[in-house]
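Any read-out appearing in this document is the output of simple, stated calculations on the displayed coordinates, not a laboratory observation. Being a predicted model, the structure only gives us computed values, none of them experimental. Reconstructed Cβ throughout: ideal geometry from the backbone, glycine too, with neighbour counts over all protein chains shown.
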């Protein structure tokens, strides 16, 4: 499933991040608020650590279930001697009970010394090497979908009910309904192969050739963004329409401020909070989910593609490490967003 | 309900979805009477009559024929000389079946656990909420892939039931698990606020047991949220299944599904683009129709959109 | 207001992050007047000669690490001839084929200038065994004392004696082994300096003796083959000096790889990869002067387990032979398959050249009627068959077709596709009782005994089984026993016996043969196509590549 998360702060309160995120008493006493914030941050961080631990355990358990014969045998190489297999078995703790295996695995992960089964390559080094395309993809797409999502959302809200709104709604809906790898393949075929407008996949580093980097990334960016633009524009549209009904906006309008200023000042500022929350989480999600699919189609050679190829080879260590890292990144980011949200919006009390 | 019935666009798309499901269910009829071939029958070295000329179904270098718009190979052939239209319908059965079962699993788990967590509170809620957060923290595709790969080779044996590796229930199971926190969390939130309402208090004071309360008082009030969620989950399940099958962690060969058909087609770009377009457009149409219908349902049942949609 | 500032800072940070991280992407450096760019779809499993065991690895290591003997650098069957490498001449073989004696050439140096010593050979073999080379059984099963060394019971290999003063190298075998010289020609038996660390040097391969040295390794991404400054073309007669430096990049998408070579932005397409079918017609019309289909000594088969029903019944095996549509398989392989019925591929000594196929000509239409009749006669209609296959294209498509054919002739066949990485381990595990499935095999060296491992009853084992048809035929066993020890240099004299054996195998239908694979020799227009050697064992000989 492509980008996006439920628009709910991860403490599971089920609150909507609507602009009118009101509810709850206003904490007017600064000192009390600071105390509350401090407690909140500590609670949140503790919860973060617990979830991180749970993620590593869960990931490890999932991959323990993979029946790849004798993992020590696979790790040691195709026709290794019994000595070598035994050495590998001891190193990874395959002969020990499961919690020892877990500890040894985590030791290797945190050490940066996980070696992939089939390729004798250090997994973490490989991941670092594969980061540039993935980060380029995620950040570039993130900017595009934020900008266009907000733009379309605003336009839809301002022209609510009229043809532009309907058109944008259709575009948004179709975007949400599209598998991201299908869209990528279609673009690759028409823009790349048939009309030769853009390169046929692959990645060019920014420092080597900035224009090349841009042309190679353009189609992947669009493919990844189309889905999210749809989501964001719809959420923003709903938020904006909600806020526009709010009293103080009506008051502002009554005061005679121009429509535009009203929108920008009051509406945008408030709905933006929800959007930013969504964005932070989606960004981490893209690295984990959408990236795998898009990178495979466009052969970008990033972390996602590395994961996909490892899956095909049933090469467990890279998939395990990547899954762990991405899930942890999502959780960390979500904690950061929660904390920021609490700090910045004085009206929210979770 | 009436609002929904007045929303003609939503109804039209809903009907489209039903039509697609129906067509897929009729796959064997199409295979036998129209295309005269099964989904797995290879016709690699055969030729068919196209506009008077005998054309290879698959060329000597392995390029399959495109749509003929006739009874046989209506939408063309794939590299094994199989009828794409037939496979599309059979694949649709698999994709839709998986999405349906996954949705069922998600909803059941979410309703059960979400209500329990919201109503019972305390330690049970604490544990369940952590569970929701944990599964929710995983990027769906990655979790789906991890589980899919782990289970695809050996299947799973949970004591209660066993799923073999070729079974369609495996991807359904994986997808169901991946999605349940998205529904469980909002349902829990609603249960949480519902339990403070007077009628629940009244029931409790009367001495009605917790389970009865959950069943009789809380659950009915969650119905509209539940109904709003169902089409959303269906749409996302279809998309996730396609993604997982594309990566090889979903439906396993030789069962066709729209995702595996897309994978095969993408592999053959630029030659036989119909192999990408056919399953892709079908996927988009199906998901779009569900999404539009879902919008309609939401407009009717939840106009304030307290339950926010897209996952 | 401060939120706008926040947003701007955020954007700025994001931008810097993008620049910073994407800038870390590496690219291979080019040097001089245009290195030749070679593309590979799959990265070599290792560039360390003591570890590399895939054809991709050999492409790089065989021109970098020369052993006692090597192959002639010419195309076609002449390229299967063994010539002296770092040894002065081909060995004297004594002791009934058990003792090989070599004299080291004088004056040889490694790519780092260090002189070559006889004891380096012993060290190289020990290192290869210690590192766990994938095919090390060729060494440990044949060289006396190698198994003890591997088990840690000895500190050196007793069967290898070297004398640095005279340059004499003597090797004792456990038993006479005909293809032993071919084993010595592997890059894994290539010399490296004594004292080279006994661990994987994939990222910085050790110095070697050969026209090239390997540098700038970025695992899974790229590496460079640089002309060895300490190599002259007269150093070893028969091994030419290279012409240009070479930059090798991994491009896993075959489509992209082929397109780059087609529009001349890269020079060499990896022969190990498949050109997408749609591009082949385009290439054949637009670039016919730089594209050729090279035959390889490799076969695509379906194994038929003679220990389990239904293929324990000879009629069932004959039926599938009659029913197989090899042209269909050819199309599935983008036309790069030469239909055939004999187990030993063309180009391997022992391949029957005059005999007709016992169950129908491979290029003709299949005889489905006869196949169905045979199945019926054998009373096997509706017999369940599980067809095994790996997930890699086009092997999976082969199995799709094969399953469909089995159903057509009367069996009740279902497929079972496993992840490619696990396939041979799965079907090679006897407890799975695999009835039939896909099998591909390419030669390790040009001696038919290499292929007949697959039909040798002695190689049947409970796991990692290679004799997937589980053939235990007394006639085959007795022929292998007498033909096995005959050295490769004397193969010519026993070719008729191998041919007779292979005709027998075809009649018994122990293997369902699809045909022999052809591979693409496909270059850009910068390369002198005709002068480039396509070696029968190692594919594109990069040392023969020159720019026009």
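Before moving on, here are some points about what is shown:
- As a rough footprinting exposure proxy, the listed residues B:33, C:48, A:209, A:165 were ranked by other beta carbons within 10 Å of their own, and the order from fewest upward is B:33, A:209, A:165, C:48.
- Residue B:69-residue C:432 pseudo-label distance in nm [points 7 Å out on the Cα-to-Cβ vector]: 4.6 nm
- Ordering of A:168-174, C:190-196 by packing [mean C-beta count within 10 Å, highest first]: C:190-196, A:168-174
- Based on every Cα atom in the protein assembly as shown, Rg and the maximum pairwise Cα distance Dmax equal 32.8, 110 Å.
- Here is how the number arises for chain B: DSSP H runs of 4 or more residues each give -39500 (n - 2.57), the sum is divided by the residue count, and the result at 222 nm is -21500 deg cm²/dmol.
- Counting, for every residue in A:169-181, the Cβ atoms of other protein chains within 10 Å of its Cβ and taking the mean gives 6.
- Shielding by partners - mean other protein chain Cβ count within 10 Å, residues of C:139-152: 1
- Per-residue shielding of C:91-101, expressed as the average number of other chain Cβ atoms within 10 Å of the residue Cβ, stands at 0.
- Angle in degrees between helix B:8-25 and the longest Cα principal axis of chain B, rounded to the nearest 10: 60 degrees
- Highest mobility in the GNM of chain B, judged by mean-square fluctuation with C-alpha springs under 10 Å and restricted to B:79, B:245, B:257, is found for B:79.
- Rounded to the nearest 500, the 222 nm mean residue ellipticity of chain C from helices alone is -8000 deg cm²/dmol, with -39,500 (n - 2.57) taken per DSSP H run of at least 4 residues.
- Sorted by Cβ neighbour density within 10 Å, fewest at the top, the residues B:218, B:101: B:101, B:218
- Crossing angle, helix B:169-194 versus chain B [Cα axis fit, 0-90 degrees, rounded to tens]: 30 degrees
- Going from the fewest other Cβ atoms within 10 Å to the most, the residues B:258, A:36, A:163, B:136 appear in the order A:163, A:36, B:136, B:258.
- The value of relative contact order for segment C:190-281, using C-alpha pairs under 8 Å at least six residues apart, is 18 percent.
- A protection proxy built from the mean count of other Cβ atoms within 10 Å ranks the segments A:292-305, C:295-308, most packed first, as A:292-305, C:295-308.
- Within the listed set B:284, B:205, B:227, the residue fluctuating most in the Gaussian network model of chain B (springs between alpha-carbon atoms under 10 angstrom) is B:205.
- Both radii were evaluated on the Cα set of segment B:23-175; the Rg over Rh quotient, with Rh as the Kirkwood radius, amounts to 1.18.
- Put simply, when A:316-327, C:167-178 are sorted by average Cβ atoms within 10 angstrom per residue, most first, you get A:316-327, C:167-178.
- Each principal axis of segment B:205-311 carries a Cα extent, and these read 71, 29, 16 Å when sorted largest first.
- Normalised convex hull volume, segment C:287-441, alpha-carbon set, Å³ per residue: 132 Å³
- Length gained on full extension, residue A:197 to residue A:162: 9.1 nm, using 0.36 nm per residue less the C-alpha separation.
- Prolate/oblate/rounded call for chain C, Cα gyration tensor, a/c under 1.5 rounded: oblate
- Estimated from the Cβ-Cβ distance and a Förster radius of 45 angstrom, the FRET efficiency linking residue B:212 and residue B:299 is about 0.85.
- Helix B:258-267 vs. chain B, principal-axis angle (Cα, 0 to 90°, nearest 10): 50 degrees
- Working from label points 7 Å from Cα in the Cα-to-Cβ sense, the residue A:53 to residue C:489 distance is 7.0 nm.
- Relative contact order %, chain C, counting alpha carbon pairs below 8 Å whose residues are six or more apart: 19 percent
- Mean separation of Cα contacts under 8 Å, 6 or more apart, over the residue count of chain B: relative contact order %: 23 percent
- Using a simple spin-label model with pseudo-atoms 7 Å out from Cα toward Cβ, residue A:214 and residue C:155 lie 6.6 nm apart.
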